[in-house]
Amino acid sequence: MLKKYIITFFISMVPLVELRCGVPFGTGMDLPWHWCLIVCMIGNMIPVPFIFFFARKLLIWGSDKKIIGKFCSFCLQKGEKGGKKLQEKAGRGIYVALLLFVGIPLPGTGAWTGTLAASILDLDFKKSTLAVVLGVLLAGLIMTVLSQVVKGGFALF
């Protein structure tokens, strides 16, 4: 049982898939939905402070390197594009937009991309982290409900 939680935890830390794959994986392995959601949220949030403070610097440093340059440039472009799009649409409601951006359970709109965008836009760390946490909760709840509906009808209720 512990092995299932550990695997679910680490899947939730993987960029692009994050808890969007962690929740269906964990609930598909018959983990209780509420514990699975908590484990996935923790796994998804652990990288956030590191991304906010260090990812941008690391990506800029690596963008001109031979082996990792393409990947670093891709990540920078993705973060900048997401950040600019978010800022254009949101204006003063940037933190609500960040919450909704992270909360949409689609690949590439999770905590990693949202935090990178917040870092690139030089947003406030505490406000950004709160928006990302709430967005991860929203995405987790959506994925939990969808996982339960697909798994066995309305087993969640």
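Each reported figure results from applying straightforward, stated rules to the coordinates on display, with no laboratory input. Because the structure is a prediction, the values reported are computed rather than measured. A quick note on method: Cβ atoms are made from the backbone with ideal geometry, for glycine too, and the neighbour counts reach across all protein chains shown.
Given that compact globular proteins tend to follow 2.2 N^0.38 Å, what is the ratio of the alpha-carbon Rg of the stretch 39-84 to that value? Provide the component values of the computation, followed by the final result.
On the way: Rg = 12.2 Å, N = 46, 2.2 N^0.38 = 9.4 Å.
For the stretch 39-84, the normalised Cα radius of gyration is 1.29.
Give me the aspartates and glutamates in straight-line cross-link reach of Lys151: C-alpha distance below 18 Å, same-chain residues under 8 apart excluded.
Asp30
Work out the count of Lys pairs in the stretch 1-140 where the Cα-Cα distance is under 21 Å, with the pair 8 or more places apart or on different chains.
Lysine pairs satisfying the spacing and distance rule in the stretch 1-140 number 20.
Calculate how steeply helix 125-152 sits against the longest principal axis of the alpha-carbon atoms of the chain, using the helix alpha-carbon long axis, and give the answer as 0 to 90 degrees to the nearest 10.
The answer is roughly 40 degrees.
Please find, in a Gaussian network model of the chain (springs between Cα atoms separated by less than 10 Å), the residue of Lys66, Lys127, Lys78 whose mean-square fluctuation is greatest.
Lys66
For Leu2, put the label point 7 Å out on the Cα→Cβ axis and report which residues of the stretch 16-39 keep their amide N under 17 Å from it.
Correct set: 39.
Relative contact order of the stretch 1-89, please, whole-number percent, based on alpha carbon pairs below 8 angstrom and at least 6 residues apart.
Values: 75 pairs, mean separation 18.8, N = 89.
It comes to 21 percent, rounded to a whole number.
I need the fraction of alpha carbon pairs in the stretch 59-157 separated by more than 21 Å, rounded to a whole percent.
On the way: 2026 of 4851 pairs.
The answer is 42 percent, as a whole percent.
For the chain, what is the charge dipole size about the Cα centre, in debye to the nearest 20, if Lys and Arg each add +1 at the Cβ and Asp and Glu each add -1 at the Cβ?
Values: 17 positive and 7 negative charges, 66 e Å.
Charge dipole, the chain, about its Cα centre: 320 debye, nearest 20.
Whole percent per 5 Å bin, from 0 to the bin with the longest distance: what is P(r) over all C-alpha pairs of the stretch 1-101?
In order of increasing distance, the bins hold 2, 13, 16, 16, 16, 15, 12, 7, 2, 0 percent.
Based on the alpha-carbon gyration tensor of the stretch 1-44 and its eigenvalue square roots a ≥ b ≥ c, which shape applies: rounded if a/c is under 1.5, prolate if not and a/b is larger than b/c, or oblate?
Working: a/c = 1.62, a/b = 1.54, b/c = 1.06.
Since a/c reaches 1.5 and a/b is larger than b/c, the shape of the stretch 1-44 is classed as prolate.
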